[in-house]
Amino acid sequence: MKRNLMLFFMAVLVVAVAITGCGEKKDSNVIKIGVFEPITGANAAGGQLEVEGIKLANKLYPEVLGKKVELVIADNKSDKVEAATAAARLVEKEKVTAIIGSWGSSLSMAAGDIVKKGKVPTVGASCTNPLVTKGNEYYFRVCFIDPFQGTVMANYAFNKLNAKKAAIVQEVSNDYAVGLANYFTENFKKLTGDPNCVVAVANYNTGDQDFSAQLTNIKSKNPDVIFAPGNFTESALLISQARKLGITCPIIGGDTWETQEFLDIGKKAVEGVVFSTFFASETPITNESKTFLEEYRKEYKKEPAAVAALGYDAYILILDAIKRAGTTDTVKIREELAKTTNFEGAAGFISLDENGDAVKDAVIKHVKDGKFTYLDTIKP
Amino acid sequence: MRRNTILTAIALLLLIGFLAFADNFFDLYLVRILNLCAIYAILGLSMNLINGFTGLFSLGHAGFMAVGAYVTALLTIPPDVKKQIFYMTPIMSPLDVMNLPFPLALLVGGLLTAFVAYLIGAPALKLKGDYLAIATLGFGEIIRVIFTNTQSITNGALGLKGIPNTTNLWWSFGTALFTLVVIASLIRSSYGRALMAIREDEVAAESMGIHLAKHKNLSFIIGAFFAGIGGGLLGNLLGTIDPKMFTFTLTFNILLIIVLGGMGSLSGSVISAFVVTIANEWLRFLDEQINLGFMVIQGKVGTRMVVFSVLLMVVVLFYRNGLMGNRELTWDQLCNSKIWRGLSARKRGTAIAEGGEK
């Protein structure tokens with residue numbers, strides 16, 4: 001029995017090696033773009049949305065410089081070690097011209113050194129941690145970074161809500177939430193001129209279910225507004241618990257809230273909450289947005305998420321840079337990418353600053369009648 | 001006996017030759033996979049010492065790795081880079097200028113991890129079986145939560161980046177070899193026999209005069225030391241670490257390696273570290289489109305993980321005790337194996353792994 005099993009394994013091995021062997025043919029008429037996303041594991045939902053956007057862009061713009069563009073998708077399994085290997089595979093084995101990705105800043109950071117060494121320009125779609133692009137001239141991104149979003153919400157709280165005292169509830173194990181909260185605090189202090197304007201800071205961990213301890217403390221401080229950046233599930237629970245405790249002040253947050261689950265869990269309680277995001281499907285910002293919205297609805301029969309639009313933008317930005325460079329030389333493409341100003345993407349006009357971060361408008365949305373509704377656009 | 005020494009020397013020379021060749025001619029992707037294999041071998045060996053040889057069902061490996069990785073990283077990141085990455089909460093004062101050469105930092109990382117293991121081990125090792133597993137699992141999570149919240153030391157959830165990549169094939173394989181030699185000699189010494197006696201029957205071992213607490217602690221601390229070093233190497237290879245990396249899934253990855261290789265077999269751990277790492281990466285071809293010559297199969301991304309899981313189940317079903325059980329791969333066994341004899345006597349051969357079973 002065991003011997004047969006062994007033979008069977010050997011046979012599988014031989015066939016598999018043979019298959020992998022003959023699949024590799026070099027084709028100079030193809031430009032390869034690596035897609036480096038979590039397709040399996042904890043971040044799979046976000047990664048797949050981005051891939052949808054990228055695939056749509058590839059379908060609409062399949063060629064550049066008269067060559068066919070081929071997407072090489074590498075799953076990074078939402079795992080940092082795996083992410084580094086996947087990036088190395090794209091750079092060294094697949095020899096891609098450029099890379100898009102990844103959902104999740106920590107995964108993107110794992111690829112940072114590898115793309116820098118391999119000199120492959122990489123465009124992140126929705127990784128918002130400033131450390132991703134800092135000190136890495138080959139990493140760019142089409143989204144704004146956490147500091148900007150924190151600043152936008154501080155402005156909103158101060159100018160539109162007339163808040164003088166704020167409380168912060170942050171998901172402390174999430175780099176994104178910590179970043180937002182930090183910049184919110186900094187700017188809110190500047191705007192109010194009051195160093196004690198943040199009356200309470202409460203932390204929770206990913207996966208927490210009960211927030212009554214933090215909320216009771218906040219209620220006693222009686223803030224004008226609560227800023228609660230964090231994961232959608234926890235945030236929705238937090239908001240409904242806050243309302244049950246009788247906290248009536250406005251609650252504001254960040255782009256991670258924009259998911260159906262947030263509405264499903266929060267139901268009535270999340271009515272009226274305000275958050276900043278990248279993209280609003282009801283008000284197309286550019287001509288490209290219109291094309292994207294139409295095609296996306298046609299292709300996937302649903303409303304696009306912001307990250308899908310960002311994935312789409314990352315792809316067309318790379319294509320544009322290749323066109324401008326007129327060559328597939330990665331160093332030249334990088335130079336062209338760095339020069340990007342006022343590029344028309346589906347999620348707004350993109351200009352890249354000296355760090356390679358996008359400077360673009362933020363969209364403010366709120367929940368109205370159980371739906372995310374556009375409220376305002378804020379210039380950088 | 002002399003034959004074995006010669007064979008070992010030849011194998012070592014071959015390994016060195018292979019590493020020199022790989023270092024110069026392999027692309028960075030392959031080198032990275034080899035590095036990972038060696039690092040996982042270190043982690044597997046250290047966990048096998050605790051779980052396989054001493055019979056302590058400990059699940060705190062990710063915690064140990066986190067300590068080693070953070071200490072090594074904080075000691076090797078240059079001060080100006082530190083200033084750049086701690087842009088939110090400035091780093092604590094003695095840490096911001098501290099800088100040690102990589103080997104020294106790695107050693108300090110290992111020693112500190114061992115110290116942490118000593119602190120944890122003293123109370124936790126009083127527990128047995130499942131209870132110990134829960135306590136150590138809790139320890140791993142606690143370490144992660146502490147690292148998330150101490151922003152001025154670890155940069156919290158933002159993580160660290162810019163760790164200079166010093167890890168190369170010589171470092172990873174050298175350390176793996178060192179780990180193998182140290183743990184193998186420990187197992188062969190009277191201490192090692194005592195550990196195995198504890199695994200088989202604690203009461204019997206104690207009645208033979210073995211100091212249970214002392215020996216369990218010894219195994220726990222040495223295992224943790226190498227886990228810390230493995231963590232340090234891993235962080236250094238990646239160039240960036242953050243607390244989310246060290247969740248219990250990491251512990252289970254290593255547990256998978258030692259269970260697949262065989263609890264209580266050093267060579268099993270090494271073989272399975274290589275098999276798991278390489279298979280996991282090599283199966284990627286399933287995610288891409290497969291060209292069979294006469295037809296093209298459009299791959300679905302994610303197939304790899306399904307196939308990998310099925311393969312694991314098959315192996316575990318047919319090899320209850322892992323690939324090697326608790327046997328070791330020795331020269332004697334290799335030379336007497338059925339394959340070798342089969343080749344010379346034209347008998348029917350079976351695999352090396354089954355050498356001593358039938």
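Among the residues of the stretch A:78-92, those that are more than 7 Å from every other protein chain (Cβ to nearest Cβ), buried (at least 24 other Cβ atoms within 10 Å of the Cβ) and either under 19 Å from A:G118 (Cα atoms) or of a type in the set (K, R) (or both) comprise A:A83, A:A86, A:A87, A:L90, A:V91.
Tell me the residue from A:A111, A:A177, A:A98 that is touching a residue at least 60 places away in the same chain (Cβ under 8 Å), away from every other protein chain (no Cβ under 12 Å) and not basic (K, R), please.
Going through A:A111, A:A177, A:A98 in turn, the sole match is A:A98.
Among the residues of the stretch A:128-142, just one is away from chain B (no Cβ under 12 Å) and either at pLDDT below 90 or touching a Lys or Arg at 6+ places or on another chain (Cβ under 6 Å) (or both), namely A:Y138.
Do you know which of the residues in the stretch A:310-368 that are of a type in the set (V, I, T) and open to solvent by less than 10 Å² (accessible area, probe 1.4 Å) is nearest to A:F278 (Cα to Cα)? So, considering only residues that are of a type in the set (V, I, T) and open to solvent by less than 10 Å² (accessible area, probe 1.4 Å), the one nearest to A:F278 (Cα to Cα) is A:V363. Going residue by residue through the stretch A:152-161, is there one that turns out to be among the polar types (S, T, N, Q) and surrounded by 24 or more Cβ atoms within 10 Å (Cβ to Cβ)? No, the stretch A:152-161 contains no residue that is among the polar types (S, T, N, Q) and surrounded by 24 or more Cβ atoms within 10 Å (Cβ to Cβ). Taking the stretch B:115-203 as the region of interest, the helices (runs of 4 or more DSSP H) fully inside it that hold 1 or more residues being surrounded by 15 or more Cβ atoms within 10 Å (Cβ to Cβ) and among the charged types (D, E, K, R) are B:129-149, B:190-200.
Is it the case, given these coordinates, that A:A125 is in contact with a Leu (Cβ under 6 Å, 6 or more places away or on another chain), of a type in the set (A, V, I, L, M, F, W, C) and within 12 Å of chain B (Cβ to nearest Cβ)?
Values: in contact with a Leu (Cβ under 6 Å, 6 or more places away or on another chain): yes; of a type in the set (A, V, I, L, M, F, W, C): yes; within 12 Å of chain B (Cβ to nearest Cβ): no.
Here the answer is no, as A:A125 does not meet what is asked.
Just one of (1) surrounded by 22 or more Cβ atoms within 10 Å (Cβ to Cβ); (2) modelled with pLDDT of 90 or more fails for A:D210. It is (1). Mind listing whichever residues of the stretch A:215-237 are surrounded by fewer than 21 Cβ atoms within 10 Å (Cβ to Cβ) and farther than 22 Å from A:T128 by Cβ? If the condition is that a residue be surrounded by fewer than 21 Cβ atoms within 10 Å (Cβ to Cβ) and farther than 22 Å from A:T128 by Cβ, then A:T216, A:N217, A:K219, A:S220, A:K221, A:N222, A:D224, A:L237 are the ones that fit.
If I filter the stretch A:269-292 down to residues being without any contact (Cβ under 8 Å) to a residue 40 or more places away in the chain and in a helix (DSSP H, G or I), which single residue comes out as surrounded by the fewest Cβ atoms within 10 Å (Cβ to Cβ)?
From the stretch A:269-292, those without any contact (Cβ under 8 Å) to a residue 40 or more places away in the chain are A:269, A:281, A:284, A:290; that's our starting set.
Retained after the next criterion (residues that are in a helix (DSSP H, G or I)): A:269, A:290.
Details: A:A269: 19, A:K290: 12.
Ranking the qualifying residues of the stretch A:269-292, first place goes to A:K290.
Only residues that are closer than 19 Å to B:M313 by Cβ and of a type in the set (G, A, S) were counted across the stretch B:244-288, and they come to 5. Of all residues in the stretch A:45-70, exactly one satisfies the criterion of being within 25 Å of B:F308 (Cα to Cα) and surrounded by fewer than 18 Cβ atoms within 10 Å (Cβ to Cβ), namely A:A45. Taking the listed residues B:F225, B:F285, B:F220, B:F274, the one that is open to solvent by less than 10 Å² (accessible area, probe 1.4 Å), of a type in the set (F, W, Y) and either part of a helix (DSSP H, G or I) or within 12 Å of chain A (Cβ to nearest Cβ) (or both) is B:F220, with no other qualifying.
The values are calculated or read from the model by the stated rules, or taken from the named source; none is laboratory data. Note that this is a predicted model, so its numbers are computed, not measured. Please note: Cβ atoms are built from the backbone with ideal geometry, for glycine as well, and neighbour counts cover all protein chains shown. Side chains are part of the model used for accessible areas, which takes the heavy atoms of the whole protein and leaves out ligands, DNA and RNA. Shrake-Rupley method; radii C 1.70, N 1.55, O 1.52, S 1.80 Å.
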